[in-house]
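Remarks on the structure that follows.
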Amino acid sequence: MDFIITLVNGLSLGGVYAMIALGYTMVYGIAKLLNFAHGDVIMVSGYAILVFLSFDPILAIICATLFCMLLGIAMERVAYRPLRGASPLAVLITAIGVSYLLQSLAQIIFGAADRYVIVADLGSITLGEVKIDVGTIITLGASLVIMMALSLFVKFTRTGRAMVAVSEDRDAARLMGININRIITITFAIGSALAALAGLFSLFRVPTIMPTYGAMPGIKAFVAAVIGGIGSIPGAMLGGILLGVVECICNSTPLAPYTIAIEFAILIVILLVKPTGILGKKRREKV
Amino acid sequence: MKAKRFFGKLAALTLTVAVTVGCVFGLASCGGKKNVNYAENNTTIKIGVSGPLTGGAAVYGVAVKNSAQLAINEINEKGGLDGILFEFVMTDDEHDPNLVAANYANMLEGGMQISLGTVTTAPGLEFKEFSHDDNVFVLTPSASGDNIPEYDNAFQMCFADSNQGTASAKFFNENYQGKKVGIFFKSDDEYSTGIKDKFLQELSSSFTVEEASFKEQESDFRTQIQTLKDCDVIFMPIYYTPASQFMFQGKNTVKSTAIYYGCDGLDGIDAIDGFDINSITQEVSYLSHFNSGATTGAAAEFIDKYNAAYDEAAEPLNQFGAAAYDCVYAIYEALKVAKAAGKEFSVTTSASDFCDILTEVFAGDFVFKGVTGAPESDGYSRISWTAQGFVNKEAVKYVVKECTAE
């Protein structure tokens, strides 16, 4: 019984990681940049929910998601677009800078201490002998639905297919009449909306936020994206769920103090065996 | 290639700066202060402390500052020590060990004669080396690390970390026989593991014990809650924020009649913004030397005085403040004892001479009546010190919230 609970917990945590990893992977696949500030969007989402919660929980969720989308678009416009074509190192350092900027702003506005954000008290349900929090089930269900929707969006809509085209060959896509700037803006908006929802779901699991609280899930989701194969949408899902399950199972055994080390060890092993990640495509280098 | 050259230059520059800064500080701290008396021009006895007045731990430092100042004001209003008045100085270390060297030097060269060390442990580990080199007396209100009183010149007002483990195990052995015990601790924090190790060592072997741990940056405790959900008493040698998160996340899963039992780190758990402690059914209590909700005895009197003098909401009192209040009075009483024993000192006595005088009293059979620790019938606790600098006093079990399960 305990194992089933641990597994459900792991799947739900994996769902959160997967949603963050999706943002990483889409932005990397399409804009070819590692947006290290992505994890901090989760934190911003948490504070946005805190601010709007006094009106209405549903309104708070919608406002927070919209706010994060705008933030993502602004981030791309102000910090990354001027650097398009610059060396990858410059873009990477800018991304780290944006991350610190967001954390410091949050600290100035809301202070350094933890804040409780209780979106709704959902209680728990009992299935046979297993007692599971409703929030866990919502997280698990919603993340699966969102991932499927995203896959369908990429496969069957014009914008989605334009995204795939930009990711595969930016210059060819531009020649085919695709507006690269528009596609990248949309990518950032979708990625940030996913991060905002991930922020909401992590509040179901842990109802506290602080300015640095997006950092660790951000890093873990990045690891998940790399394990799954960065740039691949199913890869991000697989990596996220794998990491979440491994984390919860490890935490329930005497190996608990080494959980994070084990997660990164898995990353190393996978990179050694399959450098492009589990579902990553092998790219032929043009010579 | 370009990047490589850039990093090379950066590394060289960093090294140069580090070496230069190292030289300057090295010279400053090895200048042979021992025989200099910076207090020559003092008109009061200066008591100094380094603690966090800004940053995440500011709430502790601010309480220390206010409470120590309160004690000093009271003493001075009563005419000081036969006419000798006291002065309190505090420097901000932001709970950052790197700022301690400068703070210490500023205070000492500004005429500090007696110190309260630091408010927190990490900076205290720096402070103890400097104060030992210069022979400056230290009575820290709240730096609870076991190594803080390593040298003869240092004493603690709070329980040392491992002392809390011993006191808690004693309480469990006497009160919780036959119950299933869980421990929830932070595996990368010395305060937490120090207490936990000592606790397990002293706990009677008849207990069944389940352990679960977490690390810095971790706040999702679902798996740990699964491990501990059947325990009757859950021991939490951690700070109040993760403890409240565990309680909140486990409110439907952990046994509704369980007891959460912590150490002084839990002080403040009933005042977290957004966390309603009454939303859980389990009992919450902790072992400490001070109860900021005390309503009787000297502790209550002190709380009233503090709240009259300061803004309760913005600068709340906590056990750190109470300990600082006791520290100032303990030094004052110890100086009285020394004077009665024929020791001579004045406002210009050097820090080193004060250290010799005070160390002798504190390491001797000095007993101080304070507001921290379990009170005797007169409302005051009895506090004494071992020659190693550890405090001896009775701990109080403070029930923050009774069990409300049906």
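Details
- Sparsely packed loop sites in segment A:7-108 (the trypsin sites (Lys or Arg not before Pro) outside DSSP H, G, I, E and B with at most 15 other Cβ atoms within 10 Å) comprise A:32, A:84.
- The Rg/Rh ratio of chain B, with both radii computed over alpha carbons and Rh defined as the Kirkwood radius, is 1.01.
- Each Cα pair of segment A:38-182 feeds into the Kirkwood radius, which the Stokes-Einstein equation turns, at 37 °C and 0.692 mPa s, into a diffusion coefficient of 176 µm²/s.
- Measure of compaction for segment B:162-288 (Cα Rg per 2.2 N^0.38 Å): 0.95
- Here residue B:196 sits with roughly 20 square angstrom of accessible surface, probe radius 1.4 Å.
- Exposed loop positions in chain A were taken to be GluC sites (Glu not before Pro) whose DSSP state is not H, G, I, E or B and which have at most 16 other beta-carbon atoms within 10 angstrom. Between these positions, the longest stretch is A:130-284.
- For the protein assembly as shown, projected area of the alpha-carbon convex hull averaged over all directions, nm²: 35.2
- Cβ neighbours within 10 Å from other chains - mean over B:212-222: 6
- For segment B:120-220, the percent of C-alpha pairs falling in each 10 Å distance bin, counted from 0 to the bin holding the largest distance, reads 15, 37, 28, 16, 4, 0.
- Solvent accessible area, Å² - residue B:95, 1.4 Å probe, full protein context: 80
- Within the full protein context, the accessible area of residue A:151 is estimated at about 40 Å² for a probe radius of 1.4 Å.
- Cα coordinate range in chain A, projected on the principal axes (Å, largest first): 59, 46, 35
- Candidates A:238, A:248, A:183 compared by Cα position along the dipole of segment A:176-287: farthest toward the positive end lies A:183, with charges placed on Cβ.
- Accessible surface area normalised per residue over segment A:172-249 is 28 Å², counting heavy atoms of protein chains with a 1.4 Å rolling probe.
- Degrees, to the nearest 10: A:180-205 long Cα axis against longest axis of chain A: 10
- Debye, to nearest 20: dipole size of chain A, +1 on Lys, Arg Cβ, -1 on Asp, Glu Cβ: 1300
- Positive-end residue of A:134, A:270, A:28, charge dipole of segment A:2-273 with Cβ unit charges: A:28
- √(5λ) per eigenvalue of the Cα gyration tensor, segment A:153-232, largest first, Å: 31, 14, 11
- Dipole magnitude (debye, nearest 20) for segment B:162-288, charges at Cβ of Lys, Arg, Asp, Glu: 440
- Computed on segment B:86-148, with alpha-carbon pairs under 8 angstrom and 6+ residues apart, the relative contact order is 34 percent.
- Interface residues, segment B:239-287 - accessible area loss of 50 Å² or more versus chain alone, probe 1.4 Å: B:245, B:248, B:252
- Neighbourhood charge, 11 Å Cβ-Cβ cut-off, centred on residue B:319 and excluding it, Lys, Arg +1 and Asp, Glu -1: -3
- In segment B:211-256, the inverse of the mean reciprocal separation of distinct Cα atoms equals 10.8 Å; this is its Kirkwood hydrodynamic radius.
- Whole-percent carbon and sulfur share, accessible surface of chain A, 1.4 Å: 71
- Sulfur and carbon atoms: percent of accessible area, segment B:75-207 [1.4 Å]: 43
- Distances between placed amide hydrogens fall under 5 Å for residue B:214 paired with B:185, B:186, B:187, all partners being 5 or more residues away or on another chain.
- Of the DSSP H helices in chain B, those whose Cα atoms cover at least 24 Å axially and whose Kyte score averages -0.5 or more: B:2-29, B:58-77, B:319-340
- Debye, to nearest 20: dipole size of chain B, +1 on Lys, Arg Cβ, -1 on Asp, Glu Cβ: 920
- Interface area, chains A and B: about 2300 Å² of buried accessible surface, summed, with a 1.4 Å probe and ligands, DNA and RNA left out.
- Per-residue mean of C-beta atoms belonging to partner chains within 10 Å, peptide A:247-257: 4
- Within the shell of other residues whose beta carbon sits under 15 angstrom from the beta carbon of residue A:245, the net charge comes to -1, with Lys and Arg scored +1 and Asp and Glu -1.
- Degrees, to the nearest 10: A:57-75 long Cα axis against longest axis of chain A: 30
The values are calculated or read from the model by the stated rules, or taken from the named source; none is laboratory data. Source: prediction; values computed, not measured. Virtual Cβ from ideal backbone geometry, glycine too; neighbours counted across all protein chains shown. All accessible areas refer to the heavy atoms of the entire protein, side chains included, with ligands and DNA or RNA removed. Shrake-Rupley method; radii C 1.70, N 1.55, O 1.52, S 1.80 Å.
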